Structure formats: C-alpha cells, structure tokens
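Notes follow the structure.
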Amino acid sequence: MITLEEQIRQWFAEDIGDGDHSTLSCIAADAIGQQQLIVKQPGILAGVEVAKTIFRIFDPELKVEQFLNDGDRVKPGDIAFVVTGRVQSLLQTERLMLNIMQRMSGIATRTAEYVQLLEGTDTRVLDTRKTTPGLRMLEKMAVAIGGGTNHRFGLFDMVMLKDNHVDHAGGIEAAIDRTHKYLQEKGKNLKIEIEVRNLDELRRVLDHGGVDRIMLDNFTPELTREAVKIIDHRYETESSGGITKETLRQYAECGVDYISVGALTHSVMSLDLSFKAVKR
C-alpha cells in the first residue's frame with residue numbers, strides 16, 4: 001500500500017509540475033515570512049498532523065507553531081497554526097495543505113453531527129468504502145477524528161458478502177461455505193459479514209451460522225427492530241442503506257450495533273479555511 005509520504009510527493013508533482021512560475025517569478029528565493037491557518041466556519045478541525053507532514057516533506061526548515069489539534073471544535077476566527085519559513089515554500093504548500101485540511105475537516109464535522117445524534121444509545125456510526133480514490137486513508141482518518149468508527153479499510157481486511165456475492169455464489173449457504181473454505185486454504189483469519197435483504201434471508205443465515213456480523217440492508221425501522229429481536233445478540237448487527245440524519249436515531253433505537261453511512265465521505269462539504277500571510 002502506498003504511504004502517506006509517497007502520496008504527498010505525488011500530489012506535489014501533480015500540482016507544481018516544472019515549477020510554480022507565479023511564485024518563482026516574483027518572490028525572492030531567500031525571502032522569509034509567515035502564514036497562518038484561519039478558521040472561517042464552525043466545525044471540527046482535522047488534518048493538522050497531515051499538514052505538518054506536508055510542510056516537513058516539502059521544506060524541512062518550515063517551522064509550525066501549533067495552537068489547535070485534530071478533533072478540536074472550532075469557530076470563525078480561530079487560528080490553528082502559524083508557519084514560518086521561506087515564502088516560496090509557504091506559497092507552494094498552501095493549496096495542497098488547504099485541500100486536504102478542508103476536506104478532512106468537512107468529513108470530521110459531518111461525522112461529529114451523526115455521532116451526536118446517537119448519544120445515549122450503544123450504536124456506533126461506521127464509514128464505508130465510498131471514498132475518493134487516493135484519499136481513502138485520509139478520509140477514514142477524518143471519520144475517526146470526528147468520533148466515528150472505521151469499517152474495513154478495503155477489500156482485503158474483512159469479508160463482506162453483499163447481495164451480488166450471494167447471488168453469484170448460488171445462495172447464502174454456498175457463499176458462507178465457500179468463504180470458510182477459501183479462508184482456511186489461504187490461512188487467513190478474517191471476520192465475515194453478510195448482507196441480508198429480508199427476514200427470510202436473515203433466518204437462513206441464522207440457521208446456517210458461520211458469520212460474525214449481519215448487515216440489514218434497506219430495512220425499515222420496524223423491520224430492523226424485529227430483526228434485532230430475532231438475532232438476539234447472537235451476532236453483531238449493522239444497518240445500512242438509505243439512512244439519513246433524520247432517520248439515524250430511529251435505527252439506533254432499534255438496538256443495532258452499527259449504522260454505516262456512505263454520506264460521511266462521498267458527498268461532504270469542505271470546511272472553509274484560509275492560509276493567509278501574517279503582515280509585519
């Protein structure tokens with residue numbers, strides 16, 4: 001898997017190309033200055049540690065004076081950090097750092113809103129694989145900063161038997177049995193989750209066994225409550241599919257362990273931040 005540092009170097013190559021000609025044309029190479037990250041919108045700050053990595057990789061001589069941390073609740077006018085160093089470096093790191101921090105902070109802010117709606121229940125909100133290609137690591141990091149729980153990172157760290165797996169495999173029982181055979185042959189110890197679309201499929205899973213978590217896909221709150229009662233704590237439970245901020249609490253009150261929400265990452269608004277020169 002590509003590391004964050006490798007990704008950052010690729011992002012700089014994409015952005016700068018053969019040179020930041022706007023900066024190189026009018027800023028002296030030895031000019032020293034300061035810029036500060038200013039919060040312009042209330043929310044949850046995320047990406048501070050990533051920003052520090054961005055600055056370090058581009059120019060190790062940049063000095064960051066940090067005032068706020070990842071996970072802090074912020075308001076307009078707050079200063080997250082001040083960076084001192086070569087003005088050319090400040091200008092060339094500005095947009096990459098802002099793009100990352102604004103998106104991460106937007107995800108953390110939305111996640112915190114969902115987490116707050118679940119207060120007083122035992123249900124946790126999960127992210128999904130509905131992430132931006134190349135940004136999954138950071139987007140899932142932002143979910144955790146916002147108080148959410150990370151689901152599997154990719155296709156490799158957990159087995160999730162979705163409806164298409166079941167249909168192509170020839171049914172619930174065949175999909176589960178083939179999965180166990182495969183894991184045994186490969187010497188892998190992975191949790192198995194299976195998606196069910198109705199109570200009949202749920203009962204088939206319960207009769208067969210061999211899974212760790214059951215996903216109740218596109219169930220109504222009423223059906224979810226009935227399903228949770230039928231499962232009776234024998235397996236972890238997860239609700240998924242079409243769940244909004246308005247219905248989240250209803251599903252949690254049905255007693256499910258998890259609710260997965262693709263909207264945490266796939267359609268989030270960035271938090272408004274700016275990186276402005278400190279005038280002397």
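Observations on the model:
- Total charge dipole magnitude, the stretch 15-154, about the Cα centre, Cβ charges on Lys, Arg, Asp, Glu only, Debye to nearest 20: 460
- Evaluated over the stretch 153-224, the Cα radius of gyration and Dmax, each in Å: 12.3, 40
- Springs join every pair of Cα atoms under 10 Å in this Gaussian network model of the chain, and among LEU216, LEU264, LEU161 the largest mean-square fluctuation is at LEU161.
- Cα-based shape type of the chain, given that a ≥ b ≥ c are square roots of the gyration tensor eigenvalues and the cut on a/c is 1.5: prolate
- Extension gain from ASN218 to THR23, taking 0.36 nm per residue of separation minus the Cα-Cα distance: 65.0 nm
- Taking amide H as placed 1.01 Å from N in the peptide plane, the amide H of LEU161 sits under 5 Å from that of GLU193, ILE194, GLU195, each at least 5 places away or on another chain.
- Cross-link partners of LYS276 among lysines (Cα-Cα below 27 Å; sequence separation of 8 or more within a chain): LYS40, LYS52, LYS63, LYS75
- Compared with the rule-of-thumb size 2.2 N^0.38 Å for a compact globular protein, the stretch 175-280 has a Cα radius of gyration ratio of 1.50.
- Ligands, DNA and RNA are left out, and with a 1.4 angstrom probe the accessible area of the stretch 78-179 is 41 Å² per residue.
- GNM on the chain, alpha-carbon springs under 10 angstrom: the most fluctuating residue among THR128, THR265, THR244 is THR244.
- DSSP beta bridges fully contained in the chain are about 50 percent antiparallel.
- For the stretch 57-172, with all protein chains in place and a probe radius of 1.4 Å, 50% of the accessible heavy-atom surface sits on carbon or sulfur.
- Our summary gives the chain a relative contact order of 23 percent, counting only alpha carbon pairs under 8 angstrom and 6 or more residues apart.
- Computed on the stretch 138-217, with alpha-carbon pairs under 8 angstrom and 6+ residues apart, the relative contact order is 29 percent.
- Fraction of accessible area attributable to carbon and sulfur, the stretch 186-280 (%, probe 1.4 Å): 45
- Taking the stretch 21-64 and a reference point 7 angstrom along Cα→Cβ of ILE79, the backbone N atoms nearer than 17 Å belong to 33-41, 63-64.
- Overall form of the stretch 88-168 per C-alpha gyration tensor (a/c, 1.5; a/b vs b/c): oblate
- Counting all C-alpha pairs of the stretch 1-72, share separated by more than 15 Å (%): 68
The values are calculated or read from the model by the stated rules, or taken from the named source; none is laboratory data. These numbers come from a predicted model, not from an experiment. Cβ: placed from backbone, ideal geometry, glycine included. Neighbour counts: every protein chain shown. Surface areas here come from the heavy atoms of the whole protein model, side chains and all, with no ligands, DNA or RNA. Shrake-Rupley method; radii C 1.70, N 1.55, O 1.52, S 1.80 Å.
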